[in-house]
Amino acid sequence: MKQKYRKVLIIGSGAIKIGQAGEFDYSGSQAIKALKEEGISTILINPNIATIQTSEHLADKVYFLPVNSYFIEKIIEKERPDGILLGFGGQTALNTGIELARKGVLEEYGTEILGSPLEAILNTEDRELFKHKIKELDLRIPSSMTAHSETEVISSANSIGYPVMVRAAYALGGLGSGIAYNEAELRELSRKSFAFSEQVLIEEYLDGWKELEYEVVRDVYDNCIVVCSMENIDPMGIHTGESIVVAPVQTLTSAENFMLRAISIKVIRYLGIIGECNIQFALNPENGDYRIIEVNARLSRSSALASKATGYPLAFIATKLSLGYSLSSLKNSITKETSAFFEPALDYIIVKFPRWDLQKFNMINQEIGSEMKSVGEVMAIGRKFEEALQKAIRMLDIGANGLTDNDFTFENPRQEIRQASDKRIFAIAEGLKKGISIDEMNNLSKINKWFLYKLKNIIDIEEEIRKYSLENLPHELLLDAKRLGFADLTVAKLVGSDEISVRVARKSKNIVPVVKNIDTLAAEYPAQTNYLYTTYNGDENDISFSEKNQVMILGGGPYRIGSSVEFDWCCVTSAMRLRKNDYKVIMLNCNPETVSTDYDICNKLYFEEITFEKVLDIYELESPTGIIVSMGGQTPNSLALPLYNHGVHILGTSPEDIDRAEDRHKFSNLLDELKIDQPEWKELTSIEEAEMFAQTVGFPVLVRPSYVLSGAAMSIILSRDELKFYLEKASSVSKKHPAVISKFITEAKEIEIDAVAKKGKLVCYAISEHIENAGVHSGDATLVLPPQRTYLETMRRIKTITKNIASELHINGPFNIQFIAKENDVKVIECNLRTSRSFPFVSKIFRLNFIELATDVIMQHEVPVIDRSAFDLDYVGVKSSEFSFTRLKGSDPILGVEMRSTGEVACIGDDFNEAFMKSLISTGFKLPVETILLSTGPIDKKAEFLEYSFILHKRGMRFYATSGTADFMRKYGIETEILNWPLDMKEPNILTYLSDGKIDLVINIPKNIEREELDNDYLIRRKSVDLGIPLITNMQLAKRFVEAISRLDIQDLKIKSWDEYK
Amino acid sequence: MEKAKLVLEDGSEFTGIPFGTRKAVSGEVVFNTGMTGYPESLTDPSYKGQILAMTYPLIGNYGIFQEQREDNLLVNFESDSIQVNALVLSDLSRNFSHCQSVISLEEWMKQHGIPGLYNVDTRSLTKKLRENGTMPGKIVFEDLDTEIEDPNKTDLVSSVSIRKPVLFRKNGSKKIVIIDCGVKNSIIRAFLKRDISVLLCPHDHDFLNEQIDGVVISNGPGDPEMCKRTIENVKKAMEKCLPILGICLGSQILGLASGAETYKLKYGHRSHNQPCAESGTKRCYITSQNHGYAVDSNTLKEDWREWFYNMNDGSNEGIIHISKPFFGTQFHPEASPGPDDTEFVFDMFTRALK
């Protein structure tokens, strides 16, 4: 086809946050590939530096700039693209696109929207227009009313009848929504919703209705297909991102299913969608009545899931359709056998399970509902629901080996079931065990009985297995257990044995999984796909295992706090490097949001659990050269030693050496031997011992479990009382690994090094400094590369220590070491013999691909010795964290040793201030700042910040503060308006000023004393976050911010693409 | 737990757990890739004489609805009884959930005397049939065996066709005859819904003396070449220039009557996702299908055109006369189970009625 477009701009989704995660890296990457194939020049704007779509080999030009209309307009002005894709960067991209179109920017520069036209987008996004359109079709939507004031909200609810659903218009992933059962609840909800939108919707609440989704594709010739149907196990009322979901639909009759399919097509045709969209339905289980809930005229989390669930490359095809292709003229690039005009037939079931990390937050509500809180998801494939569900539970990596094999306990399962929490499915299992009937369970949870019967099957067989020992366990029973998705480890616990013995026993009985292909057409035609899963519900392997020269990479599993898209970038980059060097790559991962699970990344993709049992199963079938565990983060890294002990060839650094770095005792001894300093520490066996240690070294101390992922359950302890409280909590967090206590060094800098070593010799390295002092988790801290405020001597010492450690541990691959430095005193606090979160950042800023080098090292290829130093960079990169506090109702938005950020961005500037400013704007900071609410804590902190207050004062900043800070400021001649604390309940009150939009920025440095003030500060912080007002809670960050805004205006931020920084 | 086996003509065996009626049966083993709609499929007369394997593993989820009649036709079913000789599954849901359902799939099969087998690797069975073609087979128990017979050699159509003509709805705006070669209830309903009286006739019935506005040749089981009488009658209807619509087997019969030839597909089309393109246009449709034979497009006579073709294997999916109101679709415009993208075919035919 002759191409009409020459240059197309793709808008990315920015940092990973709740409601907008890795799925848009997948969809954007596919879009870029589809455009490139047509010879169209591609420009991408996305500050999410850890994504695959921002890699060198994809878009022709990448802008690491904030995704907002200001920056995009500047890019359009500079680049003059003739087309723009709005549907591949989530709600952020779509909203920004609408804004650009409304401002006339697109028209001015002749930039056409590709795919669904603006009118179609508006018809789906504006609730009133949408309602109107659906009514024109004579189809049903929930009775709803739009309100623009609280009074209107109340009167609407009265006419619809309680309970009602409240939603903010134009908000991503159900932000600012909820269910109100009475007027009081409604008033509170409506206030929150108005904070996000001028328009609030009041809707009929469809309690207990089934929730279904259909993914629809349409071309310009009006050909339509429905690629996938999905059913939420959790019915209406729980956000689909919070629901356990199956595909295809399970409890609908053919007539119901095809009725919804027909409606989907009717709606999508009428709205004029071109490309891909998602339509959600509610279906009344009592009478088959339906409601259309919403249409998303863009790629979405669900479409990513549908794509991975069916094997249909939705994002790729949607891009081609937006260029004017017909569905029938496009090949299905997975099967290469069929055209893109077909509807996949599945011969398996998939279960999507959300991953939550709620326990990492203070003061948060554990309940789940109409707002999204989950940070990631997994997808499991099986040929029984039970099999897929139990796989999914293990994939979550939350310490559960199955529905019943976990440490979760419920005091009152009925309560946990009625009011859904992140552990509801486990509460249901416990309830069923305790004899709650299916009927009652259905009543409590509204979950369809079919699912509940299946859960009961798992409970029943567990009871049966318990009657036996491994020796007398009947063959049939063991086979049935495996068919229902039981892990060897779970069977072992039930029969009083161990995992390996069960494995040996089942293999001797020839109970082994078979490998099945996902071919999109249920084996009807031969299809050459590389997309695989394992199952015990089958007798025959779909593939033969004769391939030579294979390397297996273990992926990172679900995105979660502490392990996200950055590890996927590492896996994908490594896979591509291996393939370039003629290896055949086997990828193992279970996260449908990833690029690593795309069909074109590896030679074979196993959509499977990253567990000891499953990795070994696949390893034994495939006999690869070896396994790379160092790319996917801590989950695969933890498997290194057990796999190695079982005869698996681990590529890269030896698992014994990995263990020497992971095991605190071994690592500490090693540092002592190398005469490398470390904070004093001790392993904790009793409270008395802990107290004694703390008294010897002095408070504060840091307490944490030994195997650490993003500082789970870590805490800085200031006093004896706190210590006692913490230890009681810690014991329930991790029984397997004891906690350790160490001296916490205050006012110290934190610095990290990302490096690659070959046979113990440093190949390349990058040193980054944190803006925040030690005490803020490295995953939350703002990283600067090259360091701006670190002494040369400190850097030299760090390099020397790194060389020594690399040599001692015979490191052969990627690694990361974290240091704290005070003056030039350098101590090592952590060492990971794997890639770290910052590998994509340093690789892209340095323009030196650490992962390619690491992969070559691992495969024993020659690598050049690189001595690229920080001085070689004529620019600065700054990486900032994205927090999803807005989504996590009630959580206290402060930084600490527990990681809380869900994503990150990084920007480049000619100097630190420019890069820093760009990266802050990318995480939602708004300029200009003309008014600041200051609360800087105790007097020494106030004094510390005074210099910066003067700077702001000189620039004409207007200050607000409570009396303490205000008095202090006034004493130094800085005009400050006094506001009352929230709890004073007196005007002028801080909360009112925040609500009224009178404050542009809140600087609130938390202090650790005085209960009452903590509550007041909490309210201020929470309110700021709820209202989307930029908030800074860290002193160092506040200082740097003041310096930056005093030197730069938004116009000073240069519109330069990545390749313009040399 | 008791085991039973599916044995194919070529000797290959698939072991599973029996359910439904304990009975050894033989039949042509075919597979269907539809993901829902087992009550409709099992009662579809086109499956007469066949052992049906479902590629979707989880079957029985929503049970079986209460029997209910409208216009004397069972609602939610395609005929009055289960037509398949046996059902082969991967995972059977013994427990079901749907507000309208009254019994389980298993119970229903027992009532109709139909055996089933589950815990079978239906994907591996499908691959076998795909590679070697559909073939006869049997379900046998340790103590119950039977001979393998090829049902396509028997007159399947006469075993599913009604014995005497039946009139549905007396005073419709138009009246058609549907030649019952194994008609699905949904086809009759498609016309009743359009206020057309339907005279349902036995497959070999001479309907030419009836007062009718058009002729529909229904779907049905087996080889179209076995339907000699029907072909002759259709030829006569063509001479009278009556509007004719053939569906599935009916389209093959129409093809044979027009002078074209038919052939047996290696493993047929049985699914809800067959992509069909309308020849000469950019329009395509997702269709529901269930057939083992097809018209050979290359043998179409002068005045006939290929109307639709299958986008997967290029086989014929519809034929149309260039000037007269004769047309047939290999797919099922009535869907049930399946997508209703092509329901417009009924509207086309209705408009063609004089």
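Report the Cα centroid-to-centroid distance between segment A:467-498 and segment A:216-240 in angstrom, as an integer.
Cα centres, segment A:467-498 to segment A:216-240: 39 Å.
May I ask you to derive the relative contact order of segment A:760-857, considering only C-alpha pairs under 8 Å and at least 6 residues apart, and to give it as an integer percent?
Once divided by the residue count of segment A:760-857, the mean separation gives 25 percent.
Run the numbers for A:Ser501 and A:Glu620: contour at 0.36 nm per residue of separation, minus the present Cα-Cα distance, in nm.
Extra length available between A:Ser501 and A:Glu620 comes to 41.2 nm.
Take the alpha carbon atoms of the protein assembly as shown, find their radius of gyration, then divide it by 2.2 N^0.38 Å using N residues; give the quotient.
Relative to the rule-of-thumb radius for its length, the protein assembly as shown sits at 0.96.
Test of understanding: extend the Cα→C-beta vector of B:Tyr263 to 7 Å, then name every residue of segment B:125-156 with backbone N under 16 Å from that spot.
Those under the cut-off are B:133-134.
Can you give me the Cα centroid spacing of segment A:926-964 and segment A:827-894 in angstrom?
33
Rank A:Ile134, A:Ala806, A:Ala309 by how far each Cα sits towards the positive end of the charge dipole of chain A (+1 on Lys, Arg Cβ; -1 on Asp, Glu Cβ) and give me just the farthest.
A:Ala806
Can you tell me what share of the DSSP beta bridges in the protein assembly as shown is antiparallel? A percent to the nearest 5 is fine.
Roughly 65 percent of the DSSP beta bridges within the protein assembly as shown come out antiparallel.
Probe 1.4 Å, all protein chains in place: accessible area of A:Glu852 in Å², nearest 10?
Looks like 70 Å² after rounding.
Which far-off residues, 5 or more places away or on another chain, put their amide H under 5 Å from the one on A:Ile628, with H placed in the peptide plane?
Under 5 Å from the amide H of A:Ile628 lie the amide H atoms of A:Met552, A:Ile553, A:Leu554, A:Leu651, each far enough along the sequence or on another chain.
As a test question: what accessible area, to the nearest 10 Å², does A:Lys467 have when a 1.4 Å probe is rolled over all protein chains in place?
Estimated to the nearest 10 Å², A:Lys467 gives 140 Å².
Give the calculated FRET efficiency between B:Lys3 and B:Thr146 to the nearest 0.05, with a Förster radius of 22 Å applied to their Cβ-Cβ distance.
Between B:Lys3 and B:Thr146 the formula returns 0.85.
If you average the sequence gap of Cα pairs under 8 Å that are 6 or more apart and divide by the length of chain A, what percent do you get for the contact order?
Relative contact order here is 10 percent.
What is the average number of partner chain Cβ atoms found within 10 Å of a Cβ in B:33-41?
Per residue, the number of nearby Cβ atoms from other chains is 6 on average.
Going 7 Å from the Cα of B:Asp10 along its beta-carbon direction, which residues of segment B:25-68 have the amide nitrogen within less than 14 Å of the resulting point?
Under 14 Å, as judged by backbone N against the label point of B:Asp10, lie B:29-30 of segment B:25-68.
Using unit Cβ charges (K, R positive; D, E negative) and no other charged atoms, how large, in debye to the nearest 20, is the dipole of segment A:869-971 about its Cα centre?
Here segment A:869-971 has a charge dipole of around 640 debye.
What do you reckon, how do A:Phe744, A:Phe451 stack up by accessible area (1.4 Å probe), largest on top?
Output order, biggest surface exposure first: A:Phe744, A:Phe451.
So what are the ³J(HN,Hα) numbers for segment A:741-752, from phi and the Karplus equation (6.51, -1.76, 1.60; θ = phi - 60°), rounded to whole Hz, Gly and Pro as x?
Calculated HN-Hα couplings, in order: 10, 9, 5, 9, 9, 8, 6, 10, 7, 10, 9, 10 Hz.
Keeping all protein chains in place, calculate the accessible area per residue for the protein assembly as shown (probe 1.4 angstrom), answer in Å².
That works out to 33 Å² per residue.
Given the rule -39500 (n - 2.57) for each run of at least 4 DSSP H residues, summed and divided by the residues of chain A, what is its mean residue ellipticity at 222 nm, to the nearest 500 deg cm²/dmol?
Helix-only estimate at 222 nm: -11000 deg cm²/dmol.
If you put +1 on each Lys and Arg Cβ and -1 on each Asp and Glu Cβ, how big is the dipole of the protein assembly as shown around its Cα centre, in Debye rounded to 20?
Roughly 1280 debye, rounded to the nearest 20.
Put +1 on the Cβ of each Lys and Arg and -1 on the Cβ of each Asp and Glu in chain A; which of A:Phe699, A:Ile518, A:Leu321 then has its Cα farthest toward the positive end of the dipole?
A:Leu321
Rounded to the nearest 5, what is the percent of antiparallel bridges among the DSSP beta bridges in segment B:4-153?
In segment B:4-153, DSSP labels about 65 percent of beta bridges as antiparallel.
What percentage of the solvent-accessible surface of segment B:4-153, computed with a 1.4 Å probe over protein heavy atoms, is contributed by carbon and sulfur atoms?
Answer for segment B:4-153 is 39 percent, counting heavy atoms of protein chains only.
Excluding ligands and nucleic acids, what accessible area in Å² is computed for A:Glu119 using a 1.4 Å probe, to the nearest 10?
Approximately 120 Å² for this residue.
Roughly what % antiparallel, to the nearest 5, for the DSSP beta bridges in segment B:156-353?
The antiparallel proportion sits near 60 percent.
Quick check on my link table: of A:Lys36/A:Lys320; A:Lys604/A:Lys844; A:Lys803/A:Lys827; B:Lys236/B:Lys301; B:Lys127/B:Lys153; B:Lys164/B:Lys235, which ones sit more than 19 Å apart, alpha carbon to alpha carbon?
A:Lys604/A:Lys844; B:Lys127/B:Lys153; B:Lys164/B:Lys235
With +1 assigned to the C-beta of every Lys and Arg and -1 to the C-beta of every Asp and Glu, and no other charges, what is the dipole magnitude of segment B:156-353 about the Cα centre in debye, to the nearest 20?
Around 540 debye, computed over segment B:156-353.
Testing the spin-label approximation: label points 7 Å from Cα along Cα→Cβ at B:Arg229 and A:Asn412. State their distance in nm.
7.4
How many nm is it between the label spots at B:Glu131 and A:Asn457, if each spot is 7 Å from the Cα in line with the beta carbon?
For the pair B:Glu131/A:Asn457, the computed spacing is 2.8 nm.
If each of B:Arg169 and A:Lys998 carries a label point 7 Å out from its Cα toward its Cβ, how far apart are those two points in nm?
7.2
Considering the dipole of the protein assembly as shown built from charges on the beta carbon (Lys and Arg +1, Asp and Glu -1) around the Cα centre, which of B:Val160, A:Asn287, B:Val25 is farthest to its positive end?
B:Val160
Where in segment B:91-116 is the amide nitrogen less than 13 Å from a point lying 7 Å along the Cα-to-Cβ axis of B:Gln66?
Only B:99-103 fall inside the zone, counting backbone N under 13 Å.
Quick one: which residues, 5+ away or cross-chain, put their amide H under 5 Å from the amide H of B:Gly246? H built at 1.01 Å from N.
Amide H to amide H, under 5 Å and 5 or more residues apart or across chains, B:Gly246 pairs with B:Ile217, B:Phe327, B:Gly328, B:Thr329.
The values are calculated or read from the model by the stated rules, or taken from the named source; none is laboratory data. The structure presented is a predicted model; accordingly, all values stated were derived computationally and were not measured. Neighbour counts run over all protein chains shown; Cβ positions are idealised from the backbone, glycine included. In case anyone asks, the SASA skips ligands and DNA or RNA and just uses the protein heavy atoms, side chains included. Shrake-Rupley method; radii C 1.70, N 1.55, O 1.52, S 1.80 Å.
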